[in-house]
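Okay, so here's the structure we're looking at.
None of the figures in this text is laboratory data; all of them are computed from the coordinates on show. Just so we're clear, the structure is a prediction, and the values are computed from it rather than from any experiment. Cβ atoms come from the backbone with ideal geometry, glycine included; neighbour counts cover every protein chain shown.
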Amino acid sequence: MSVVVGCSLFDGVLLLADVRGTVLRRGRGPVYVDNVQKLLPLTRWAAIGFVGDITTAACILQKMTTQVRTFRTTRRQHTVALLTWIPRFLRAEYQSLGINAKSVTFMVGSVIPDRLNIIERAKAAALLDRFRLQNLSHQRNWLPRVLLDVLRSPPEATHVALAGVPANLLYVLASPRFEPELIQPLESRAIGSGQSTAVELDRQGDMVFAGEVGNDAMEAMALTKAVEDHLQDAKLDTVGGLLPCIKVCGRGVLLLGSRAEIPIGGEKIELFASSSGRWVQRHLNSGKEIPLQLPWEINFHQCHKSNRFDHLSEAVRQLRKGK
């Protein structure tokens, strides 16, 4: 299993995933490999992530990405058209696998460029209450302007459209029916064996949703920290490696990386997106690299020993012990 997290922000959708693949071996312990790219761009305005059986997901996603590229009109690639097409495609491909089809869940993050993002005023007010009551995961003395703009709307307005910001469309589709479950703006969802991450997402939601709105790197950093904090405590063997992020917004699909030094002068870890659109995990101290592979590129029959990228989690663990 694994974890994929989606957050529907003020200004787009943020997706995050781990990179661990679990190979089960009859009569022997599992093998863990940290090289699976579970987030993929679909179109200019949409990206998809998955959890569950990697072989099943690989068969479906390889055909899906190929077919989307062959759509001859932008109308077929429109975000709303995808919402109606993807569930039908998933059901058909899943059924075609027959007895080889295993449990899999997808999450699609997208924006609708010709519609405005609409925020529920009550959700913005709940965020403001966290500031007012000092119920913040990180104390600070600033508010994002967009939050104030929403709350300056007439009190009788239940929903507020954000000028110049495309509408978010975030949804989850689980086998075998793949019925879309919509996640509204200023909401988040975690799927997979790490879905208990939702508790920490709620606790640190003030930073994820209302930290530095529109700052892609800071939004990704806030989400990554919330997930990493939970994973440190949960100790899930099936979730691991670094945590790639994709942001889908009015500028398109953005692949986001990260860089950490824990403690200062200590372990240096980097996750970056290459020019080919793939992420690479790098431990700068030792030079160890693990590039991510698309799920259909990995031959799990050749994975006889674990290849984990635990440098970041181990550095954080040692830092905690030192405190």
Tally of residues being within 23 Å of Q37 (Cβ to Cβ), small (G, A, S), touching a residue at least 24 places away in the same chain (Cβ under 8 Å) and out of contact with any helix residue (DSSP H, G or I) (no Cβ under 8 Å at 6 or more places or on another chain) across segment 229-266
2
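Sort through E219, E212 and tell me the only one that's among the charged types (D, E, K, R), in contact with a Cys (Cβ under 9 Å, 6 or more places away or on another chain) and not in a strand (DSSP E or B).
The unique qualifying residue is E219.
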Does segment 156-167 hold any residues that are under 25 Å from the mean Cα position of the chain (by Cα) and either surrounded by 10 or more Cβ atoms within 10 Å (Cβ to Cβ) or part of a helix (DSSP H, G or I) (or both), and which are they?
A161, L162, V165, P166, A167
Counting only residues in segment 228-242 that are surrounded by fewer than 24 Cβ atoms within 10 Å (Cβ to Cβ) and among the hydrophobic types (A, V, I, L, M, F, W, C), the one nearest to L9 (Cα to Cα) is identified as L231
Subset of segment 96-113 that is free of Cβ contacts under 8 Å to residues at least 40 places away in the same chain and not β-branched (V, I, T) - its residue that is nearest to D149 (Cα to Cα)
S96
Is there a residue in segment 58-68 that is closer than 22 Å to L312 by Cβ, hydrophobic (A, V, I, L, M, F, W, C), surrounded by fewer than 21 Cβ atoms within 10 Å (Cβ to Cβ) and touching a strand residue (DSSP E or B) at 6+ places or on another chain (Cβ under 7 Å)?
no
Where in segment 36-155 are there helices (runs of 4 or more DSSP H), lying wholly inside it, with at least 3 residues that are of a type outside the set (D, E, K, R) and under 23 Å from A222 (Cα atoms)?
121-132, 145-151
Failed condition for L319, given (1) of a type in the set (A, V, I, L, M); (2) surrounded by fewer than 16 Cβ atoms within 10 Å (Cβ to Cβ); (3) in contact (Cβ under 8 Å) with a residue 60 or more places away in the chain, with all others met?
(3)
For segment 85-107, which positions are among the charged types (D, E, K, R) and touching a strand residue (DSSP E or B) at 6+ places or on another chain (Cβ under 8 Å)?
K102
So which residues in segment 1-35 are outside any strand (DSSP E or B) and without any contact (Cβ under 8 Å) to a residue 60 or more places away in the chain?
R26, G27
Whichever residue in segment 190-206 is over 23 Å from I48 (Cβ atoms) and either touching a residue at least 40 places away in the same chain (Cβ under 8 Å) or in contact with a Ser or Thr (Cβ under 7 Å, 6 or more places away or on another chain) (or both) and, among such residues, is surrounded by the most Cβ atoms within 10 Å (Cβ to Cβ)
G205
So which of R130, R121 is under 15 Å from G211 (Cα atoms) and either in contact with a helix residue (DSSP H, G or I) (Cβ under 7 Å, 6 or more places away or on another chain) or of a type in the set (G, A, S) (or both)?
R130
